[in-house]
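S.K.: Okay, handing you the structure first.
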Amino acid sequence: MAGVRQQYGVSERHACRLLFQWRGTQRYLPTVRDDEDALTKAIIALASEYGRYGYRRITALLRGAGWSVGRDRVERIWRHEGLKVPRKQKPRGRLWLNDGSCVRVCGEFELTLPPGFERGRYSAVASDMSRRARSDAEVHRCSEPA
């Protein structure tokens, strides 16, 4: 704003009119609260402890810890610090059967199978890895321990 005023030799009112801005925008001074740094550290600590929590859940935890803070303030600090909730990762290398049991695709290992199966070491091989296994027919189990 000061550059425009000097370049054209006009008042603040006329400079704001040239730039299509309200004068209040140029006069605004942001207010910083006394507990801003402590709150920022608390938000970062909770975000690193609870990685999949967003700013709304962190706000609830802060209120439970005794902070008098609103969701909008936490969201503003959240964005300012560049915090983001990581995307939920799908479990890789597993085939889930309809009965809730899990068979890993890579290598041999000890696994717990539902009742009716013999307990031991099994190796699992998927018939087609380009699509999801949807039935037991696509998973071949070796009955003999390796």
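S.K.: Relative contact order, percent, of segment 36-80 when contacts are C-alpha pairs under 8 Å separated by at least 6 residues?
M.R.: 36
S.K.: Within segment 2-38, which residues have the backbone N less than 19 Å from the label spot 7 Å out from Ala65 along Cα→beta-carbon, could you tell me?
M.R.: Label zone hits: 33-38.
Readers should treat all values here as calculations from the given coordinates under stated rules, not as data from a laboratory. None of these values were measured; they are calculated from a predicted model. As a convention, Cβ positions derive from the backbone with ideal geometry for all residues, glycine included, and neighbour counts pool all protein chains shown.
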